[in-house]
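The structure under discussion appears below in the form of structure tokens.
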Amino acid sequence: MQNPDVEVPVSENAHAADQEEGDELRRVRFPTVFAVARRANGVKDQTVIELRELCRTFVVQRGREEIVTRALGPITLSIADLQFVGILGRSGSGKTTLLRLIAGLVQPTAGDVLVDGQRVRGPGPDRAVVFQQSALYPWRTVEANVRLGLELSRLAKKGTADEIVHRLLDLVGLGDFGGYYPNQLSGGMQQRVGLARALAVSPRHLLMDEPFGSVDAILRRELGAELLRIWELDRRTVVFITHSVEEALTLSDRVIVLKDGLVADDVTINLPRPRDPEAISDDPAFLQLRRSLLTTL
Amino acid sequence: MVRARTRRSEPAAHNELFDPATPRTQTRVIPVRLRLRRALAPRDRALQLALLVTALAAWEFFGRRASNFTFAPPSRVATAAREMIESGELQDAVTESLVALLLGFTLAAVIGISVGYAMGWWRTFGRTLNPFVSALYVVPIATLVPAMIVWFGLGLTPRVIVIMLFALFEILLNAYAGVKNVDPHVIDVARTFGASRLDLLRKAVFPATLPFVFVGLRIGASRAVKGMVLAEMLFAVTGLGRVIIENASTFRMDRVFVGVIAVSLMGVILSAAVQATERRVMRWRD
Ligand SMILES: Nc1ncnc2c1ncn2[C@@H]1O[C@H](COP(=O)(O)OP(=O)(O)O)[C@@H](O)[C@H]1O
Ligand SMILES: [Mg+2]
């Protein structure tokens, strides 16, 4: 169940090559054996998340009747390694259900979810989730919240854990707030903590459910830019759910549009990286994609 | 705008807070004198004190006019209390009562919290047991006292059991409600990290339910005191209940009031202890 490879203390690996410019990059990388191997072999476009005829229904009882909703599917698609995939859809289109299926928090009614070739039977720290309402534990300080995943998954020893926690808090710009309780932070700061908590277990894949949905538009763009910066430093597969076309386009390599539980569109976004959220929104290619996505949505 | 709202008595130096060049969030030390004043001098404290003094004065006034056999003013109550302390009578009674109270309350807390958690944790267990617990909850415990006497006699055991029963259901039902009301996101987060069942209980469910548990303990504490007096007056005549009953039968109203006040104080202190623990355990709340 556990990932033995994540116990490798980062700094030890980083020491040898701990020089100038590559420095920051390695520091946040916590390389897993798999990831290193994959990068070394130059394997690309390898499928890591696969959905086969995936379908999920919910039944709600109302007196003598019951209402059956097909929340998602049937859906078949593959997500490639290290890709940033945006899942775009209106409210009720099945986005959260899709994410929870991949996370293993709900079971499929029919079909399969395969992650790294294995059928998903339940949740695990290889797939960390960032929730819409940051879902921090109010009784834990910021630091302790970020440490939560390390404790529960037993991925790191005490000393290593502290080191990882501090590095991640620095990474999301909250180095000075370790001792605060969540209710003492603004919404944007809470979301950053949620991101740090997910990254702390160095998940192979990162699942994000409208993580910036409850913050104002300006902050949302800033947080998006920050996410991109972090992702460029240490790429991993990201499934990013949003109802904002601009956000999906700015961040993603590929945008999948969900409509009434089905895939309505699937677009590769070839805009150059690294991306600047400010500049990119004037790009003609961006505008054209935006128009076409808005039509299908 | 902000300037207009400063109080005129504030020294001008405070206005450096409004200087945009200084950091927006700053830490500063509260002078000891100010801290003391804040703790002691809120207006409602003064009003409360005034109310207390007025009530005592009224009591004293009417108490002196009434017959000694039916009523006693605070001054005589104080004298009686001093006598009872000097003779050791009051301490003995308080100890007698306190032992039963603490035993009964602790037992209620342990059983109530464990059963409440078990009912919330194992859904089927909880749903099966729930109607029975709810039925027991409405049984007036006083009606069980004769049976208690038949089973356990008149010693410490039946008293402890009555106290326990008085407090148990509030604690149990609140713990149960707490587990049922844990935010599903809290559980989801722990599950995504692959938490074991035990960790899920220890690190997610347990802290999340603390607010509910403490509500139960607080109500349970006050009910335990009621159960204690009931037991001491209704059958095992002992402790503070005995102080009240025996002195009432000889019309020593001053001593009766000493008993009443001692019982009330025990209730207040037990609740305060629960609340102090609550504040310590749930630091994130303030
Ligand atoms: N636990 C559930 N019980 C009943 N219906 C649900 C449940 N979860 C989702 N649904 C239904 O499935 C549909 C898709 O929901 P969801 O995946 O949350 O959409 P989105 O995240 O895109 O807003 C909605 O119609 C919703 O009402
Ligand atoms: Mg949703």
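The values are calculated or read from the model by the stated rules, or taken from the named source; none is laboratory data. Just so we're clear, the structure is a prediction, and the values are computed from it rather than from any experiment. Using ideal geometry, Cβ is built from the backbone for each residue, glycine included, and neighbour counts are taken over all protein chains shown. Surface accessibility is based on the protein's heavy atoms, side chains included, excluding ligands, DNA and RNA. Shrake-Rupley method; radii C 1.70, N 1.55, O 1.52, S 1.80 Å.
I'm told A:T160 meets every condition in (1) over 20 Å from the mean Cα position of the chain (by Cα); (2) modelled with pLDDT of 95 or more; (3) over 26 Å from B:R280 (Cβ atoms) except one. Can you identify the failing condition by its number?
Status for A:T160: all satisfied but (2).
Report whether or not A:G94 is at pLDDT below 90 and within 30 Å of A:W231 (Cα to Cα).
no
Give the residues of the stretch A:163-216 that are within 16 Å of ligand 2 (Cβ to nearest atom) and touching a residue at least 40 places away in the same chain (Cβ under 8 Å), sorted by residue number.
Of everything in the stretch A:163-216, those that are within 16 Å of ligand 2 (Cβ to nearest atom) and touching a residue at least 40 places away in the same chain (Cβ under 8 Å) turn out to be A:Q191, A:G194, A:L207, A:M208, A:D209, A:E210, A:P211, A:G213, A:S214.
Could you please let me know if A:R221 is of a type in the set (K, R) and over 30 Å from A:T57 (Cα atoms)?
In short, yes.
Picking from A:I280, A:I256, which residue would you name as being within 16 Å of ligand 2 (Cβ to nearest atom) and touching a Leu at 6+ places or on another chain (Cβ under 9 Å)?
None of the others qualify; the one that does is A:I256.
Every residue in the stretch A:179-219 that is within 14 Å of chain B (Cβ to nearest Cβ), in a loop (DSSP other than H, G, I, E, B) and away from ligand 1 (no atom under 16 Å from the Cβ), please.
A:G179, A:Y180, A:Y181, A:L185, A:S186, A:A200, A:V201, A:S202, A:P203, A:R204
B:L230 versus (1) under 18 Å from the mean Cα position of the chain (by Cα); (2) over 24 Å from B:A276 (Cβ atoms); (3) within 14 Å of chain A (Cβ to nearest Cβ): which is the lone unmet condition?
In the conditions (1) under 18 Å from the mean Cα position of the chain (by Cα); (2) over 24 Å from B:A276 (Cβ atoms); (3) within 14 Å of chain A (Cβ to nearest Cβ), B:L230 misses (3) alone.
Do any strands (runs of 3 or more DSSP E) lying entirely in the stretch A:67-147 carry at least 3 residues that are more than 12 Å from chain B (Cβ to nearest Cβ) and open to solvent by less than 30 Å² (accessible area, probe 1.4 Å), and which ones are they?
Those strands (runs of 3 or more DSSP E) span A:84-89, A:110-115.
Could you list all residues from the stretch B:55-94 that are more than 10 Å from B:R255 (Cα to Cα) and of a type in the set (V, I, T)?
B:T70, B:I85, B:V94
From the set of residues in the stretch B:239-274 that are in contact (Cβ under 8 Å) with a residue 60 or more places away in the chain and over 16 Å from B:V94 (Cβ atoms), which is nearest to the chain's Cα centre (by Cα)?
The extreme case among them is B:V274.
Looking only at the stretch B:87-138, count every residue that is closer than 19 Å to B:I245 by Cα and part of a helix (DSSP H, G or I) and tell me the total.
Matching residues across the stretch B:87-138 total 12.
Check B:M148, B:M164 and return the single one that is under 21 Å from B:A118 (Cα atoms) and open to solvent by less than 30 Å² (accessible area, probe 1.4 Å).
B:M164
Quick one: in the stretch A:52-92, which of the residues that are touching a Lys or Arg at 6+ places or on another chain (Cβ under 7 Å) and among the hydroxyl-bearing types (S, T, Y) is nearest to ligand 2 (Cβ to nearest atom)?
So the residue we want is A:T57.
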